[in-house]
Amino acid sequence: MNKKKLRIAALADLHVGKQFYEGMDYHTLFADIGKNADVFLMCGDLTDHGLVSEAHTLIDLLKACPIPKLAILGNHDYARDQEEEIKKILKESDVHYLQDEIYQVEDVGFAGVKGFGGGYGQHTLGAFGEPLLRSFVQEAISEVEQLEISLDTIGQMSKKVVLLHYSPISQTNHGEPLEIYPFLGTSRIEDVLDRHNVSVAFHGHAHFGSHHGTTVKGIDVYNVSYLVMLRQNPHKPYKVYEL
């Protein structure tokens with residue numbers, strides 16, 4: 001008998017708080033996800049202005065989604081220096097915050113970090129020059145190191161899923177202005193995905209980017225930013241991936 005596949009729903013850039021997307025019905029969206037998936041991944045920018053009040057609103061809305069929920073933060077969630085409180089709100093609800101833990105469903109392990117910018121391939125920014133520039137690069141390196149630790153913790157599980165906010169490959173940024181690519185992600189993360197033989201990765205941040213790309217090794221990477229998913233399917237603006 002064939003084993004039933006795990007249905008993974010993934011979505012990024014919810015921006016709860018400002019009604020960032022006109023007419024967006026979060027309650028109906030989350031309820032629909034709960035009916036069509038076994039686990040729900042939220043890939044950053046959960047809030048619009050990084051406010052504790054927005055995080056509380058998100059948790060209330062997520063009551064419509066009864067399946068396990070996994071999340072990482074995005075750049076918007078840091079905007080008011082309330083990220084530690086937001087993390088606490090997530091942890092005290094039924095949301096698994098993957099920057100501080102891993103999650104496992106049978107033979108599938110989930111890991112996640114925010115990621116950061118820095119550029120791609122031979123144009124990746126190096127840690128040289130002014131202190132502020134070196135600090136920028138170090139943020140990306142720190143995210144890489146955290147992801148390495150999480151994936152090492154998952155160990156030899158046959159299937160590994162990674163949540164990110166920033167993109168690990170340039171392909172899924174296609175549609176965004178070239179000038180901002182270095183601020184949309186970095187291939188430092190791509191290297192980690194390939195070394196650990198990850199099954200699939202999801203990210204957001206690039207609202208006007210492309211939906212799908214692959215790493216050098218051929219691992220699938222999906223940009224699941226809400227506006228990207230809305231273009232893919234306006235009736236079900238989220239990704240469902242079976243693993």
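Just the number, please: percent antiparallel of the DSSP beta bridges in the chain, rounded to the nearest 5. The antiparallel fraction comes to roughly 25 percent.
Can you give the FRET efficiency to the nearest 0.05 for GLU84 and ILE141, using r as the Cβ-Cβ distance and R₀ = 25 Å?
Working: r = 22 Å, r/R0 = 0.86.
Rounded to the nearest 0.05, the efficiency is 0.70.
Candidate membrane-span-like segments in the chain, meaning DSSP H helices with Cα atoms spread over at least 20 Å of their own axis and a Kyte-Doolittle mean of 0.0 or above, are 131-154, with no membrane implied.
Each DSSP beta bridge with both residues in the stretch 127-243 is either parallel or antiparallel, and the antiparallel ones are about 25%. Rounded to the nearest 500, what is the 222 nm mean residue ellipticity of the chain from helices alone, with -39500 (n - 2.57) per DSSP H run of 4+ residues and division by all residues? Calculated at 222 nm, the ellipticity per residue is -9000 deg cm²/dmol. Between the C-alpha center of the stretch 41-100 and that of the stretch 203-243 there is a gap of 20 Å. Taking every C-alpha pair closer than 8 Å and separated by at least 6 residues, the mean separation divided by the residue count of the stretch 7-242 gives a relative contact order of 21 percent. Within the shell of other residues whose beta carbon sits under 12 angstrom from the beta carbon of LYS217, the net charge comes to -3, with Lys and Arg scored +1 and Asp and Glu -1. Under the combined filter of DSSP loop state and at most 13 neighbouring Cβ atoms within 10 Å, the stretch 88-193 retains these chymotrypsin sites (Phe, Trp or Tyr not before Pro): PHE128.
Taking a straight Cα-Cα cut-off under 18 Å and skipping sequence neighbours fewer than 8 places away in the same chain, the lysines within cross-link reach of LYS3 are LYS159, LYS160.
Rule-based calculations on the coordinates, nothing more; no lab input. What you are looking at is a predicted structure, and each value in this text was computed from that prediction instead of being measured. Counting neighbours? That spans all protein chains shown, and the Cβs are built from the backbone with ideal geometry, glycine included.
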